[in-house]
Amino acid sequence: MRKFLFLSTAQRFGDFALLLLRVFVGLFLVWNVWGCVTSVERMFEYREFLGEHGFPAPALLAPLSVYAQLLAGVGIVFGLLTRWAGILCAVNFAVAIVMIDHLGGMRGIFPSGCLVLIGLYLATHGAGRFSVDAGMRANELPRASGGVRLRK
């Protein structure tokens, strides 16, 4: 009864669920900025949008924000430098909340707020087993051995 009540057996699917979350969120981030990446006109519109909302140096911040979001999205999808990608995501959308989204109340804040929290989760927990990061960590030398690879 206790296993059923707390769904402890669902934990074995945690890495797969994290993979689905990463792919979904990462692809959204890439899709969200793809127009600005591929179109000078869209980047100009975004620059004007930032200027209208009081951002300093919108000509600098527009491409910075777009490419930070693109890098974060790609990193999150592949689980590559995921903790850094999470930080980029969290910072980018925290700025969006402070500068723009708060004007829409809770409904305006919610989408960016979710991305801040997902970014913080990824920054603190990492990408999980199904990621490039996990493959790179597998090649590290064990710390307990003082950097000497132990034979099995």
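The values are calculated or read from the model by the stated rules, or taken from the named source; none is laboratory data. Source: prediction; values computed, not measured. Backbone-built Cβ (ideal geometry, glycine too); neighbour counts: all protein chains shown. Note: accessible area is taken over every heavy atom of the protein model, side chains too, but ligands, DNA and RNA are not part of it. Shrake-Rupley method; radii C 1.70, N 1.55, O 1.52, S 1.80 Å.
Candidates R137, R129, R149, R143: the one that is of a type outside the set (V, I, T), touching a Leu at 6+ places or on another chain (Cβ under 7 Å), at pLDDT below 95 and open to solvent by 60 Å² or more (accessible area, probe 1.4 Å) is R149.
Collect the residues in the stretch 1-17 that are open to solvent by 100 Å² or more (accessible area, probe 1.4 Å) and either more than 25 Å from A90 (Cβ to Cβ) or touching a strand residue (DSSP E or B) at 6+ places or on another chain (Cβ under 9 Å) (or both), keeping them in residue-number order. If the condition is that a residue be open to solvent by 100 Å² or more (accessible area, probe 1.4 Å) and either more than 25 Å from A90 (Cβ to Cβ) or touching a strand residue (DSSP E or B) at 6+ places or on another chain (Cβ under 9 Å) (or both), then M1, R2, K3, F4, L5, F6, L7, Q11, R12, F13 are the ones that fit. Looking only at residues in the stretch 23-43 that are among the small types (G, A, S) and assigned to a helix (DSSP H, G or I), which one is least open to solvent (accessible area, probe 1.4 Å)? Selected residue: G26. Taking (1) touching an Asp or Glu at 6+ places or on another chain (Cβ under 7 Å); (2) assigned to a helix (DSSP H, G or I); (3) open to solvent by 40 Å² or more (accessible area, probe 1.4 Å); (4) not acidic (D, E) in turn, G108 satisfies each apart from (3).
Against the list (1) outside any helix (DSSP H, G or I); (2) open to solvent by 80 Å² or more (accessible area, probe 1.4 Å), the condition L20 fails is (1).
Condition test on L61, is it surrounded by 16 or more Cβ atoms within 10 Å (Cβ to Cβ), among the aliphatic types (A, V, I, L, M) and not in a helix (DSSP H, G or I)? Let's see the steps before the verdict.
Working: surrounded by 16 or more Cβ atoms within 10 Å (Cβ to Cβ): yes; among the aliphatic types (A, V, I, L, M): yes; not in a helix (DSSP H, G or I): no.
Here the answer is no, as L61 does not meet what is asked.
Is at least one residue of the stretch 75-91 more than 18 Å from D133 (Cα to Cα), part of a helix (DSSP H, G or I) and not hydroxyl-bearing (S, T, Y)? Spell out the reasoning first.
At the first step, the residues of the stretch 75-91 found to be more than 18 Å from D133 (Cα to Cα) are 90-91.
Now narrow it down to the ones that are part of a helix (DSSP H, G or I): 90-91.
Checking the rest, the ones that are also not hydroxyl-bearing (S, T, Y) come to 90-91.
Yes, because at least one residue in the stretch 75-91 is more than 18 Å from D133 (Cα to Cα), part of a helix (DSSP H, G or I) and not hydroxyl-bearing (S, T, Y).
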